[in-house]
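Worksheet: the structure to be examined is printed underneath.
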Amino acid sequence: MRWNSEADQPSAFIDDQHHQGYVPLAHSLAHSLTHATLTNATLSITTGIIPKEWRKYSVPDTVSLTAWLVDFQKRIAQLQHLAKHHNYHHVWMGGMFNPEAYMTATRQASARAHQWSLEKLRLHARVLSDGVAADTSDSTSFIVTGTTIEAAVWDENKRQLEFCNEMTNSMPPIQFTWQNTEDDGTTAAEQSVHQVVLAVYLHETRLECLFSVPLACSDQVPLTAWYQRGVALLATRYG
């Protein structure tokens with residue numbers, strides 16, 4: 001994708017999602033559902049399997065047709081909301097047709113807005129508290145909702161990750177910010193926080209890693225224990 005200016009980048013990305021992703025898929029769905037010919041798609045539909053022609057974005061093989069249709073409806077609703085309200089910095093990343101392209105767009109927008117080198121940028125994460133509004137007026141920041149953490153839980157009181165008995169837990173909204181490694185503005189207090197770098201996967205199959213990001217964690221737990229336990233974030237979860 002090519003952007004005309006910093007301001008055009010988010011809207012251009014949403015337009016790309018619409019015209020290259022969801023519109024062709026919607027046409028494919030309509031064709032399959034309105035034509036009575038015995039095609040592979042109709043055979044799949046009658047058996048509750050996602051037709052091959054509809055698999056335009058990654059979902060686990062175990063997802064049923066019913067669950068896929070509900071998920072697709074949510075994706076369309078998000079796209080319509082973004083296009084209507086022009087709030088491209090508050091998204092359900094797991095519901096995007098191409099989340100990797102969104103990450104690239106935010107990184108490029110940050111670099112252009114501040115004349116930073118792409119190679120000098122790193123991603124910072126701040127888990128938001130309930131009822132606390134985050135400032136996304138700066139082009140370097142965006143908020144992601146709908147994420148899940150596996151093998152750990154976010155402790156709202158301690159503001160850090162903790163071990164737990166549950167396999168999965170929902171995460172509060174997370175504000176991601178692209179920072180210049182040469183001048184990231186990190187305070188001494190922030191630097192002293194014990195952190196673990198976690199992978200963010202597209203969904204529970206963990207076959208597609210979108211990026212990795214550090215999060216505050218208990219200093220009573222060795223960093224190796226988090227990895228041995230398999231702690232990771234998921235952009236969306238179907239199971």
* Scan segment 82-98 for residues that are modelled with pLDDT under 90 and either assigned to a helix (DSSP H, G or I) or among the polar types (S, T, N, Q) (or both) and jot them down. => L82, A83, K84, H85, N87, N98
* Asked: Does segment 28-42 include one or more residues that are modelled with pLDDT of 85 or more, farther than 26 Å from L234 by Cβ and outside any helix (DSSP H, G or I)?
  -> no
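Against the condition within 16 Å of P99 (Cβ to Cβ) and at pLDDT 95 or above, how does C217 come out, does it pass? Walk me through how you get there before you give the answer.
On the way: within 16 Å of P99 (Cβ to Cβ): no; at pLDDT 95 or above: yes.
In short, no.
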* Of all the residues that make up segment 46-68, how many are loosely packed, with under 13 Cβ neighbours inside 10 Å and not in a loop (DSSP other than H, G, I, E, B)? -> 3
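The values are calculated or read from the model by the stated rules, or taken from the named source; none is laboratory data. Every value quoted in this text rests on a predicted model; they were computed, and no experiment measured them. Every residue, glycine as well, gets a Cβ built from its backbone with ideal geometry; the counts of neighbours run over all protein chains shown.
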